1. Given +1 on the Cβ of Lys and Arg, -1 on the Cβ of Asp and Glu, and no further charges, what dipole in debye does the range 93-173 carry about its Cα centre, rounded to the nearest 20?
2. Using helices alone, what [θ] at 222 nm do you get for the chain, with -39,500 (n - 2.57) per DSSP H run of 4 or more residues, divided over all residues and rounded to the nearest 500?
3. Which value, in debye to the nearest 20, gives the size of the charge dipole of the chain about its Cα centre, when Lys and Arg are +1 and Asp and Glu are -1 at the Cβ?
4. Give me the percent of the accessible area of the range 10-194 that comes from carbon and sulfur atoms, probe 1.4 Å, all protein chains in place.
5. So if I place +1 on the C-beta of Lys and Arg and -1 on the C-beta of Asp and Glu, and nothing else carries charge, what would the dipole magnitude of the range 1-92 be about its Cα centre? I want it in debye, nearest 20.
6. What is the sum of charges, Lys and Arg at +1 and Asp and Glu at -1, for the other residues whose Cβ falls under 15 Å from the Cβ of A145?
7. Taking one equal scatterer on every alpha-carbon of the chain, how large is log10 of I(q)/I(0) by Debye at q = 0.12, 0.14, 0.16 1/Å?
8. Calculate, in nm to one decimal, what R64 and Q21 gain on full extension: separation in residues at 0.36 nm each, minus their alpha carbon distance.
Amino acid sequence: MTISLQWPNTQFKISVADAKQFPETHLPQIAVAGHSNVGKSSLLNTLFARKGLVKTSKNPGCTRLLNVFEVDAQLMVVDLPGYGYARAPKAEKYKWAQLIEGYLKSPKVAQLVLVLLDFRHGPKDSDLQMIEWLNEAGIRWYPVATKADKLEGNAKRKRVKEMFDALGITPILTSSLNNVGVEELRNIIIQEVFTAHD
Ligand SMILES: Nc1nc2c(ncn2[C@@H]2O[C@H](COP(=O)(O)OP(=O)(O)OP(=O)(O)O)[C@@H](O)[C@H]2O)c(=O)[nH]1
Ligand SMILES: [Mg+2]
């Protein structure tokens, strides 16, 4: 069966502050995780080809709930709050961490987590911790570099190598500014979610 998702046929479903409120669904789902301000919400707008559907901000900590979207009645996509936002109050950080962990541990869990990494900086400790946690939880993940428009030439090659060395896999390079890598990302999602895995 060939899956053809109409990405612009994406609907916002619900925002939840607790994984227990996550809607009942039989649809497969993916989640987007990453450092605060890495560009999760921007990338989703680009992926969905729906400017403004997902709220973005230049200030970190914009997404504070689990925002759930449904693509073409075939796939659920969850925009997670960012982790590692150093200036957030401790109680808030704790709440977000609980929310992310609660969702990833819930029975309605994502089949695939896209781990977004800022191409300007390379993987941070918090990214590596997230990946370790996903490995321990047995949740599949795929690395996606954001803001790839920020580096060119040698700096770009060096960063790709650094990311490969840290992750053991080369991330897809994407940019929400010029749409680079978005088609490749759509293909990866379809392949990872709708193809049987042992
Ligand atoms: N140059 C460049 N800037 C980007 C790109 N993607 C996002 N940004 C900028 O990065 C900032 C953060 O983007 P968001 O999409 O809100 O980031 P987020 O990861 O959802 O942030 P939180 O919800 O706070 O965790 C905004 O100022 C965006 O315009 C990109 O591909 N290239
Ligand atoms: Mg966001």
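1. I would put it at about 240 debye.
2. -10500 deg cm²/dmol
3. In debye, rounded to 20, the chain gives about 760.
4. 50 percent
5. Its charge dipole is roughly 420 debye.
6. Local net charge: +3.
7. Evaluating at q = 0.12, 0.14, 0.16 Å⁻¹ gives log10 I(q)/I(0) of -0.55, -0.77, -1.04.
8. Computed gain between R64 and Q21 is 14.0 nm.
The values are calculated or read from the model by the stated rules, or taken from the named source; none is laboratory data. These numbers come from a predicted model, not from an experiment. Because the Cβ atoms are built from the backbone with ideal geometry, glycine has one as well, and the counts that use them run over all protein chains shown. For the accessible areas, the whole protein counts, side chains as well, though only heavy atoms, and no ligand, DNA or RNA atoms are used. Shrake-Rupley method; radii C 1.70, N 1.55, O 1.52, S 1.80 Å.
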